[in-house]
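To start, the structure itself, in structure tokens.
The values are calculated or read from the model by the stated rules, or taken from the named source; none is laboratory data. Bear in mind the structure is a predicted one, so any value in this text is a computation, not a measurement. All Cβ positions, even for glycine, are placed from backbone atoms using ideal geometry, and neighbour counts span all protein chains on display. Areas reflect the complete protein model, heavy atoms only, side chains present, ligands, DNA and RNA absent. Shrake-Rupley method; radii C 1.70, N 1.55, O 1.52, S 1.80 Å.
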Amino acid sequence: MQARLLLEDGTLFTGLGFGAEGASTGEVVFNTGITGYQEVLSDPSYCGQIVTMTFPLIGNYGINRDDFESIRPYIHGFVVRRHEPVPSNWRAQYTLDSLLKEYGIIGISDIDTRMLTRILRRHGTMKGILTTGTERVEELRERLNASSLLRDQVARTSTKQVFSSPGKGERIVLIDYGAKSGILRELTQRGCDVVVVPHDTTADEIRRLHPDGIQLSNGPGDPKDVPHAVETVRQLLGEYPLFGICLGHQIFALACGADTEKLKFGHRGGNHPVKELESGRCYITSQNHGYTVKEESIRGTELTVTHINNNDKTIEGLKHNRYPAYTVQYHPEAAPGPFDSGYLFDRFLEMIREHKRNNPERPRQAQLAETLRGELQYAQK
């Protein structure tokens, strides 16, 4: 089956199709990971994107039940140099081809992914259309020009209802902007009582859950497309310890008065060097994002830069100068990628415990009595 990928600059790639048949448009991006294609496919942060893997052999270890980072893939297409239809790994339960067919995702192989990556690095990410049909190139170009990139990816990928993962430790409210399963896994492994809430949950609804801390998840798209999330974080800032990851990092920055901008081709892969400014140590990190916090916008806010990217010097971490809150642009839960930064979850829990020590709760009986007095006074009026 022939497949074609047409970029908005007119570049056409012709290769072999696998997975589903049909046509799909999206933002064409590239990932530099050597392994971890199952986690990439199931990362909600890729919603609406056609993902190119720069490693030349994909599909060789198949698909298993354990390595998914969400319930289903949200990508709009998958581009590889060589697709291996017969996996060879003891964990494999089915093939990459069958996974793409199940969820209606088109794959294309046998194209020059090095050339494609160089185009994206030189000119930036761009729209593309991936098809297995026989339409003329002019028809594809018209369809591509008439399409627009998604702006509602967070709503598409976020949970639709509240659910919990019970534990005996600190209660963490995880605001789901398109969260990877790895974040929930890291928190539950540390005994946390996690309550996952939709992206549009209000500050008052979160307060009623009586959290000890709030986790802002990763997610797809432009943080300015979710102004309600920014307002919620702004209202909660200072009340509870906050830890943000990726999109959560960008939303936190906007809530604190900073600004964000789109990167030329983004950071996607498991080999991005990040320097922690306080210690001078360099960590190799897993990343997947197309936006960054503008460095000049930090001036005049109450934020301090804690981490920078060693490749392009963009901001990779922030902390608030007054409140217990910090964020990172990369993925400490990894999956795929190195787990060097898992300590950040431990730091989050220590921050929560320190906040509790410095701000002891009033006895519950006193809180209930005050509430009752207020209700009685209201009734007497």
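For residues that are outside any loop (DSSP other than H, G, I, E, B), among the basic types (K, R) and more than 18 Å from F78 (Cβ to Cβ), scanning just segment 124-155, find the one that is most open to solvent (accessible area, probe 1.4 Å). Give the steps one after another, and end with the answer.
Step one: list which residues in segment 124-155 are outside any loop (DSSP other than H, G, I, E, B), which gives 126-131, 137-146, 153-155.
Those still in the list that are among the basic types (K, R) too: 127, 141, 143.
Now narrow it down to the ones that are more than 18 Å from F78 (Cβ to Cβ): 141, 143.
On the way: R141: 91, R143: 119 Å².
Residue satisfying both the conditions and the ranking: R143.
Can you tell me which of E84, E69 is of a type in the set (D, E) and buried (at least 21 other Cβ atoms within 10 Å of the Cβ)?
Numbers: E84 fails: buried (at least 21 other Cβ atoms within 10 Å of the Cβ).
On inspection, the qualifying residue turns out to be E69.
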- Message: I'd like to know if segment 221-236 contains one or more residues that are in contact with a helix residue (DSSP H, G or I) (Cβ under 6 Å, 6 or more places away or on another chain), farther than 20 Å from G290 by Cα, of a type in the set (D, E) and open to solvent by 10 Å² or more (accessible area, probe 1.4 Å).
- Response: no
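Please specify each residue of segment 166-194 satisfying the condition of being of a type outside the set (D, E), open to solvent by 10 Å² or more (accessible area, probe 1.4 Å) and in contact with a Phe, Trp or Tyr (Cβ under 8 Å, 6 or more places away or on another chain). Even if it seems obvious, please write down each step before you answer.
Step one: of segment 166-194, the residues of a type outside the set (D, E) are 166-169, 171-175, 177-185, 187-192, 194.
If we keep only those that are open to solvent by 10 Å² or more (accessible area, probe 1.4 Å) too, we end up with 166-169, 171, 179, 181, 184-185, 188-191.
If the condition is that a residue be of a type outside the set (D, E), open to solvent by 10 Å² or more (accessible area, probe 1.4 Å) and in contact with a Phe, Trp or Tyr (Cβ under 8 Å, 6 or more places away or on another chain), then S181, R190 are the ones that fit.
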- From the set of residues in segment 334-381 that are touching a residue at least 40 places away in the same chain (Cβ under 8 Å) and in a loop (DSSP other than H, G, I, E, B), which is surrounded by the most Cβ atoms within 10 Å (Cβ to Cβ)? G337
- Per the filter on segment 1-50, residues assigned to a loop (DSSP other than H, G, I, E, B) and charged (D, E, K, R) are E8, D9, E21, D43
- Among all residue pairs at least 6 apart or on different chains, which show Cβ distances below 8 Å where the first residue, located in segment 167-191, is in contact (Cβ under 8 Å) with a residue 40 or more places away in the chain and farther than 15 Å from G244 by Cβ and the second is basic (K, R) and assigned to a loop (DSSP other than H, G, I, E, B)? G169/R190
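Under 15 Å from T131 (Cα atoms) and either surrounded by fewer than 17 Cβ atoms within 10 Å (Cβ to Cβ) or out of contact with any helix residue (DSSP H, G or I) (no Cβ under 7 Å at 6 or more places or on another chain) (or both): does that describe L6? Break it down into steps so the answer makes sense when it comes.
On the way: under 15 Å from T131 (Cα atoms): yes; either surrounded by fewer than 17 Cβ atoms within 10 Å (Cβ to Cβ) or out of contact with any helix residue (DSSP H, G or I) (no Cβ under 7 Å at 6 or more places or on another chain) (or both): no.
Answer is no for this residue.
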- Determine if segment 319-333 includes at least one residue that is in contact with a Lys or Arg (Cβ under 8 Å, 6 or more places away or on another chain), touching a residue at least 12 places away in the same chain (Cβ under 8 Å) and small (G, A, S). yes
- Residue list for segment 247-296, restricted to those being out of contact with any helix residue (DSSP H, G or I) (no Cβ under 6 Å at 6 or more places or on another chain), small (G, A, S) and open to solvent by less than 60 Å² (accessible area, probe 1.4 Å): G248, A253, G257, G266, G269, G270, G280, S286, G290
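Residue check: is F55 among the aromatic types (F, W, Y), crowded, with 23+ Cβ neighbours inside 10 Å and closer than 19 Å to F13 by Cα?
On the way: among the aromatic types (F, W, Y): yes; crowded, with 23+ Cβ neighbours inside 10 Å: no; closer than 19 Å to F13 by Cα: yes.
So F55 fails the test.
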- Note on the structure: Only one of (1) open to solvent by 10 Å² or more (accessible area, probe 1.4 Å); (2) assigned to a strand (DSSP E or B); (3) at pLDDT 95 or above does not apply to F243, and that is (1)
- Query: Mind checking which pairs have a first residue in segment 79-97 that is in contact (Cβ under 8 Å) with a residue 24 or more places away in the chain and a second that is crowded, with 18+ Cβ neighbours inside 10 Å and of a type in the set (D, E, K, R), Cβ under 7 Å, 6 or more apart or different chains?
  - Reply: P85/D97
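For segment 299-311, give me the residue count where each residue is open to solvent by 20 Å² or more (accessible area, probe 1.4 Å) and either touching a residue at least 12 places away in the same chain (Cβ under 8 Å) or under 16 Å from Y283 (Cβ atoms) (or both).
Step one: filter segment 299-311 for residues open to solvent by 20 Å² or more (accessible area, probe 1.4 Å), giving 299-302, 304-306, 308, 310-311.
Remaining after also requiring either touching a residue at least 12 places away in the same chain (Cβ under 8 Å) or under 16 Å from Y283 (Cβ atoms) (or both): 300-302, 304-306, 308, 310-311.
Residues meeting the conditions: 9.
Yes or no, residue by residue, for (1) outside any loop (DSSP other than H, G, I, E, B); (2) touching a strand residue (DSSP E or B) at 6+ places or on another chain (Cβ under 8 Å); (3) at pLDDT 95 or above:
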{"residue": "T52", "(1), (2), (3)": "yes, yes, yes"}
{"residue": "E69", "(1), (2), (3)": "no, no, yes"}
{"residue": "L99", "(1), (2), (3)": "yes, yes, yes"}
{"residue": "I111", "(1), (2), (3)": "no, yes, yes"}
{"residue": "R118", "(1), (2), (3)": "yes, no, yes"}
- Item | Candidates G266, G248, G219, G169 - the one that is modelled with pLDDT of 95 or more, small (G, A, S) and over 30 Å from T25 (Cα atoms) | G169
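Based on what the data block shows, is N60 open to solvent by 50 Å² or more (accessible area, probe 1.4 Å) and over 26 Å from the mean Cα position of the chain (by Cα)? Working first, answer last.
On the way: open to solvent by 50 Å² or more (accessible area, probe 1.4 Å): yes; over 26 Å from the mean Cα position of the chain (by Cα): no.
Considered against the rule, which asks whether it is open to solvent by 50 Å² or more (accessible area, probe 1.4 Å) and over 26 Å from the mean Cα position of the chain (by Cα), N60 comes out as no.
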